[in-house]
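Written out below as structure tokens is the structure these notes cover.
The values are calculated or read from the model by the stated rules, or taken from the named source; none is laboratory data. Computed from a predicted structure; not experimentally measured. Here the Cβ positions follow ideal geometry from the backbone for every residue, glycine too, while neighbour counts run over all protein chains shown.
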Amino acid sequence: MLNRFRPVIKDIVEPLAKRIKINPNYLTILGLLIAFLSAYMFATGSLLWGGALILLSGLLDIIDGAVARSNSSTTPFGGFLDSTSDRFADALILIGIIYGGFVNWIFGILALHASLTVSYVRARAEVEGIPCGVGIAERAERLVILVAGAFLGLLFNPQIMSLAVILIIILGYFTVLQRVYHTWKSMQAEKN
């Protein structure tokens, strides 16, 4: 859904990425550490800092790949590290939101499961040689929902964060179904 903004983001990030001359894996790890801080802030009850640190972590996630591409330093391990760090960051943030009491634990666990399953289905499809970047709620959309929930919860009512997590559950599982259907359809087309 947010993929349509990629060209605009690319135009903004690429010039910045060309100036950054450090190993992009360091940016990946820094983004993960900031996601940990976001989780900690949610766990201590701060919607403002939790949401703000998700934004910073997400920005670093965008920049690390751009730096790798701009400096011709993309590696299979870098892609692996980035993907693994994203899963940890997603889990940490949701755990922080649960611990902070912003959502019932069962909804938090379901949101965590939905988020991890979205990524797993894509990875598994791609092992079968099927590109599977389809779906309404990829990682960027889920993070935007959490940031919106944090800031709206801060302004109006902290229970809005609970609604954001429930929205992640619904859209996450819908995305899983979209990806499973896309993969099945692609496999059927290959058979014929």
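For the stretch 99-115, indicate whether the set of residues that are surrounded by fewer than 19 Cβ atoms within 10 Å (Cβ to Cβ), closer than 15 Å to Arg142 by Cα, hydrophobic (A, V, I, L, M, F, W, C) and free of Cβ contacts under 8 Å to residues at least 24 places away in the same chain is non-empty. Yes: the stretch 99-115 contains one or more residues that are surrounded by fewer than 19 Cβ atoms within 10 Å (Cβ to Cβ), closer than 15 Å to Arg142 by Cα, hydrophobic (A, V, I, L, M, F, W, C) and free of Cβ contacts under 8 Å to residues at least 24 places away in the same chain. With respect to the conditions (1) surrounded by fewer than 20 Cβ atoms within 10 Å (Cβ to Cβ); (2) under 14 Å from Gly172 (Cβ atoms), Gly133 falls short on a single one, namely (2). Is it the case that some residue within the stretch 18-29 is among the aromatic types (Phe, Trp, Tyr), assigned to a helix (DSSP H, G or I) and either under 16 Å from the mean Cα position of the chain (by Cα) or surrounded by 15 or more Cβ atoms within 10 Å (Cβ to Cβ) (or both)? So far as the stretch 18-29 goes, no, none of its residues is among the aromatic types (Phe, Trp, Tyr), assigned to a helix (DSSP H, G or I) and either under 16 Å from the mean Cα position of the chain (by Cα) or surrounded by 15 or more Cβ atoms within 10 Å (Cβ to Cβ) (or both).
No other residue among Gly51, Gly96, Gly101 is under 20 Å from Ile166 (Cβ atoms), of a type outside the set (A, V, I, L, M, F, W, C) and in a loop (DSSP other than H, G, I, E, B) apart from Gly101. If the condition is being within 19 Å of Phe77 (Cα to Cα) and either at pLDDT below 95 or small (Gly, Ala, Ser) (or both), then the stretch 28-46 contributes only Gly31. Do the conditions hold for Glu126, that is, is it assigned to a helix (DSSP H, G or I), touching a residue at least 40 places away in the same chain (Cβ under 8 Å), out of contact with any strand residue (DSSP E or B) (no Cβ under 8 Å at 6 or more places or on another chain) and among the acidic types (Asp, Glu)? Answer is no for this residue.
Here the stretch 133-192 is the region considered, the condition is being aromatic (Phe, Trp, Tyr) and in a helix (DSSP H, G or I), and the residue that is nearest to Trp49 (Cα to Cα) is Phe151.
A quick yes/no check of all residues on (1) buried (at least 21 other Cβ atoms within 10 Å of the Cβ); (2) of a type in the set (D, E, K, R); (3) closer than 25 Å to Leu94 by Cα:
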residue	(1), (2), (3)
Arg4	no, yes, no
Ala35	yes, no, yes
Tyr40	no, no, yes
Ser46	no, no, yes
Ser57	yes, no, yes
